[in-house]
């Protein structure tokens with residue numbers, strides 16, 4: 001059952017209306033060559049086994065009903081939540097430039113963040129948990145941003161370029177997600193420090209930008225295999241193993257416009273605390289397509305047989321969806337600096353849809 005639940009969960013990402021049944025059609029292999037009576041008998045037995053196998057797969061899937069609307073929304077929103085990696089909002093006020101690299105992960109979960117892992121486990125262990133699932137997550141493993149003090153254009157203006165890329169290619173998943181963005185910060189209220197210099201308030205800065213993120217993901221999801229003995233007219237005996245999989249193709253083009261107001265406080269020249277609020281404006285489109293493959297392997301197949309038709313699996317469907325437009329948020333960060341080198345841990349809470357992002361950033365500020 002566990003192998004069935006994985007593809008069902010991923011099918012829910014396609015944004016379909018409530019899923020009451022998934023029709024999976026197995027195409028049996030066919031052979032030619034040799035005496036017609038023997039070939040016809042072999043092809044008939046193979047077709048019957050494939051039909052039984054398809055019915056077993058189909059019956060498992062038809063027992064599950066899923067309203068995928070909430071789940072698609074959660075995954076789309078988590079992509080927006082993860083788009084602001086390598087952020088520099090807690091360090092605005094640098095003299096010349098700032099370079100940061102970092103990872104960011106976005107999560108949407110209607111329950112507590114501490115229950116996220118347990119809820120994911122329930123999805124794979126209990127089919128009933130799939131009916132109301134509306135959690136989502138998105139990792140952005142590598143982001144980089146370079147920002148410049150552009151006060152020569154406008155006093156207290158900071159402009160930056162953000163780039164991201166992550167690629168993973170290992171069966172059963174291939175995943176590529178490049179991103180690019182233009183960032184802007186304006187220091188509305190200037191910084192202030194105490195006479196000893198061991199406390200620096202960086203003032204208040206306003207931030208925005210435009211981030212484009214592309215995701216191309218393919219997931220090969222194995223289905224339960226089946227092995228059967230085939231006895232042909234008490235003359236030939238062979239065994240056949242059927243292996244099949246579903247293939248989920250997911251392509252997303254997402255645009256995020258962050259709107260932020262933030263402040264930060266540096267203490268004892270090494271500890272940095274930041275706080276802010278704002279919203280992420282998210283829009284774009286996601287495309288999904290589901291297909292499948294099947295293979296049959298034989299032992300002791302008569303030598304005179306020649307392949308006439310390859311096996312296959314048909315389970316095609318597709319849909320489109322978009323993230324929520326307005327995602328309000330509260331931001332915080334804990335950072336440490338050693339000279340120009342910084343380490344920052346940003347955290348964001350999206351309070352309207354109970355989302356989160358967590359990250360880590362390493363940077364050089366001059």
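Measuring r between the beta carbons of residue 343 and residue 249 and using R0 = 56 Å, the FRET efficiency lands at 0.90.
Would you mind classifying segment 182-297 by shape? Square roots of the alpha carbon gyration tensor eigenvalues, ordered a ≥ b ≥ c; an a/c under 1.5 is rounded, otherwise it is prolate if a/b is larger than b/c and oblate if not.
Details: a/c = 8.26, a/b = 3.36, b/c = 2.46.
Taking the square roots of the gyration eigenvalues as a ≥ b ≥ c, segment 182-297 is prolate.
Sort out for me the Cα centre separation of segment 326-350 from segment 229-283, rounded to whole Å. If you average the Cα positions of each part, the centres end up 22 Å apart. When each of 289, 192 is scored by the number of other beta-carbon atoms lying within 10 Å, the sequence from fewest to most is 192, 289. The packing ranking, built from the mean of other Cβ atoms within 10 Å per residue, places the peptides 211-219, 164-172 in the order 211-219, 164-172, highest first.
Stretching the chain fully between residue 225 and residue 166 yields a gain of 18.0 nm (0.36 nm per residue, less the alpha carbon separation). On full extension, the segment bounded by residue 36 and residue 152 gains 33.1 nm, given 0.36 nm per residue less the C-alpha separation. For a Förster distance of 56 Å, can you work out the FRET efficiency between the beta-carbons of residue 96 and residue 301, rounded to the nearest 0.05? Once rounded, the FRET efficiency stands at 0.20. Here each label is just a point 7 Å from Cα along the line to Cβ, and for residue 360 and residue 336 those points are 1.1 nm apart.
Since every read-out is calculated from the coordinates, none of them should be taken as a lab result. Source: prediction; values computed, not measured. Don't worry about glycine lacking a Cβ; one is built from the backbone with ideal geometry, like all the others, and counts go over all protein chains shown.
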